[in-house]
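Heads up: the structure comes next, in structure tokens.
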Amino acid sequence: MLVLSLRTKLVLLLALMLIGMSTAYFLWQKYQDTANQAEHQELQPVKATGATRDAYDVIVAGTDPEGIAAALSAARNGLHVLLVDGRDREILGGLMTLGWLNSLDLNKAPKHAWLNGKLSFLDKGIFQEWYDQIEGTSFDVNTAANVFNKMVAAEPNIDVLLMARRMEPILEGSRVTGLRIVQQDGTEISVASKALIDATQDADLAAAAGVPYTFGREDIGEPNARMAVTLVFKLSGVTQEIWQSFGKHPKSGIDKMSAWGFPEAKEYVSSNPKRVKLRGLNIGRQNDQTILINAMHIYDVDPLDPKSVEEGLEIGRKEAPLIVEFLKKKFKEFRDLEFAGTAPELYVRESRHILGEYRLKITDLMENRDFWDAVAYGSYEVDIQSKNPSDPGAVMMKPQAYGVPFRTLVPQKVDGMLVVGRSASFDSLPHGSARVIPLGMATGEAAGAAAKLAIEKGVTFRELSRSEADIAELRKRLTAQGMDLKMPAIKKPDYAKHRQYPGLLAAVSMSLTFGDYDNKGFDLDGKSNPQRMFNLMLGVKKIHPAAFPGNPAEAAKGMGEPAKQALTLEQAAYTIALAAGLKATPDTALKTLTADKALTDNALQSIKDPSKLTNGDTYMLIRDVVERYAGITYE
């Protein structure tokens, strides 16, 4: 047996420490390296074959990343696929390559790992395969388009038809059986299919087939509100020295391909203040010393109206050079950069939200819920961009991880169709997280595999979605394709440990509060006030107008400065009673609500000090009265 001396042991220990330190330094240096060595690629033409068959197993409508993932998945499962696009596009990639959204909103695991030197995400599979061929957290749009093109071209089962003038679903009763297409040259063809996957940004084919949907924030009482659209713009002349300077600016940061920050950009004075505003900068690097900036908010654009979309483009094109001049004067880091154009397409964040077999709720994200039929996972923050120039937007909360049920892809009332991407069956609030492209690509991959399974078993997508055995088989096949469908380990969040968590679920569901990136903004133990209370009830009234027809603001009349006063239980009850249209006074409101069983013992007993109500106290009261008068429980 070998016996080492103490000196030898110390030498070996020192050597191991030096190796460890050297390795750590090497990895740190690699991580800190912000030089982009990638070469700029020439854009490769797409081989558009057109529809070479009268019938396909699957038609995928839309060449955004979600549609490409669906087509690839279906083809790799042995199905004959027609990938068709109804926009004036000559390349693949849609929002990424023509909307120039070249910075990725990533679904990292709670403890994300590195795989072969690259980040590994919740949604692997086709997204990870594509990601491993681009530059990083941001990418050159030519690289992205070429990778998409290469992946599609490698599948002999995919035919590609671009620049269709019009697409209409063919229906037999309530079942989609194909697609009627007016081609670029004006000729019309009818193509039969066993399945149609709607990967258009706005679920256009689903709507045309009669699938029910909500629009914008209609589901939370704001039928005319939706998140701003953006026109991405380009700047040239970005040297490595300039890139590194971005990371030195206060409250800003960089990696090799992405930069973020410059919050002072919001000081920009718009030439069209009712329609355009600037926020802090999201910057994606390209390989030709240019950068793409996602920061311009354009309001009142209806994504379903081509004239409105064109107007939004014109507004953005006019404003972009003015914004660049502002940036050059405001920030020394931008002084030597030049305006180099705007994206061909608008970045539209929100339009239709279809109604599916299941509708993803914000409580699913608050609870970090998994589902028996989850086919994708998300973890991106619930990012609600501003809806108008006076609205700052908000981050509702940051989930650790949540599952996306297959049922969210299966539309109500119409068979033979799946809907993938941001217009799937998500409420408008969780849509703020679920709309990101990596999750959408995961739903596309799931849809392609589901088409194979449904055809194989001779069942509809609806029947498939209701079979635990069939969904288990689908998940098994997706895992074999490279997807990771294991829910990560979740640590119970602090907000969920609070005694008034049920009230918080109700408040978040009605968009009455938000937690920000760290989930600490909920401030359940913070003191409320009469002003805040009637503002909360105005929010409740907006969502449930029939149940709360009264005017809660009347409760603060004659109070002087209601925002500076403590909120008592009696005052809160009076505000609620007025909102509910009840006849009550400040002295009788609490008794009236209690007698009407609108307030439960659970809510009342959770209040520690009736003379100084907290935010959590008010949320518990609101949860009760909404359940009583609107008949809705948020959980």
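Derivation of every value follows stated rules applied to the coordinates shown; laboratory data play no part. What you see is a predicted model; the values in this text were computed from it and never measured. Don't worry about glycine lacking a Cβ; one is built from the backbone with ideal geometry, like all the others, and counts go over all protein chains shown.
If a spin label sat at a point 7 angstrom from the Cα of ASN388 along the line to its beta carbon, the backbone N atoms of the range 222-258 nearer than 14 Å would be those of 222-228.
Could you compute the FRET efficiency for LYS497 and ALA566, with r as their C-beta to C-beta distance and R0 at 22 Å, rounded to 0.05? After rounding to 0.05, the efficiency reads 0.25. Here, the range 70-153 is characterised by an Rg to Rh ratio of 0.99, where Rg is the alpha-carbon radius of gyration and Rh the Kirkwood radius. Would you please name the trypsin sites (Lys or Arg not before Pro) within the range 243-326 that are DSSP coil residues with at most 13 other C-beta atoms within 10 Å of their C-beta? Taking the range 243-326 and a limit of 13 other Cβ atoms within 10 Å, the loop trypsin sites (Lys or Arg not before Pro) found are LYS251, LYS274. Once both labels are positioned 7 Å from their Cα atoms along Cα-to-Cβ, the gap between THR460 and GLU314 label points is 4.5 nm. Bridges between two residues of the chain, per DSSP, are antiparallel at a rate of about 70%. Would you please state which residues of the range 458-498 a label at SER174 would reach in this model, taking the label point 7 Å out along Cα→Cβ and a backbone N cut-off of under 20 Å? Within reach of a label on SER174: 458-467. Between the listed residues THR588, ASN272, SER433, the Cα displaced farthest toward the positive end of the dipole of the chain, a dipole computed from Cβ unit charges relative to the Cα centre, is found at THR588.
Taken along its three principal axes, the alpha carbon spread of the range 233-342 comes to 42, 28, 20 Å, from the longest extent down to the shortest. Taking Cα centre as origin and charging only the Cβ of basic (Lys, Arg, +1) and acidic (Asp, Glu, -1) residues, the dipole magnitude of the chain rounds to 1600 debye. By the beta-carbon count within 10 Å of each Cβ, the least crowded to most crowded order of ILE293, ILE59, fewest first, is ILE293, ILE59. Pairs of Cα atoms nearer than 8 Å and 6+ residues apart set the relative contact order; for the range 494-629 it is 33 percent.
For the range 168-222 and the range 456-490, what is the separation of their Cα centres, given in Å? Using only Cα atoms to place each centre, the spacing works out to 24 Å.
The simple spin-label model puts a point 7 Å past each Cα toward its Cβ; for ALA192 and LYS266 those points are separated by 5.8 nm. Each peptide in 414-420, 160-166 was scored by the mean count of other Cβ atoms within 10 Å over its residues; highest first, the order is 414-420, 160-166.
Ordering of 385-395, 498-508 by packing is 498-508, 385-395, highest average first (other Cβ atoms within 10 Å, averaged per residue). Counting neighbouring Cβ atoms within 10 Å and putting the fewest first, the residues GLU570, GLU468, GLU333 line up as GLU468, GLU570, GLU333. On a per residue basis, the convex hull of the C-alpha atoms belonging to the range 494-629 measures out at 96 Å³. Each helix, a run of at least 4 DSSP H residues, gives -39500 (n - 2.57); summed and divided by the residues of the chain, these come to -10000 deg cm²/dmol at 222 nm. Between GLN244 and ALA154, the C-beta separation translates, for a Förster distance of 25 Å, into a calculated FRET efficiency of about 0.10. Taking 0.36 nm per residue of sequence separation and removing the Cα-Cα distance, the ALA595/THR633 pair yields an extension gain of 11.7 nm. What's the local net charge at LEU98, with K and R +1, D and E -1, over the other residues with C-beta under 12 Å away? Around LEU98, the charge tally is -3. Charge dipole of the range 183-270 (Cα centre as origin; +1 on each Lys and Arg Cβ, -1 on each Asp and Glu Cβ, all else neutral): 460 debye, rounded to the nearest 20.
Mind jotting down the distance between the C-alpha centroids of the range 260-317 and the range 564-596, whole Å? Measuring centre to centre over Cα atoms gives 45 Å. Exposed loop sites here are chymotrypsin sites (Phe, Trp or Tyr not before Pro) assigned a DSSP state other than H, G, I, E or B and surrounded by at most 12 other beta carbons within 10 Å; excluding them, the longest clear run of the chain is 1-371. Listing THR408, THR187 from fewest to most neighbouring C-beta atoms within 10 Å gives THR187, THR408.
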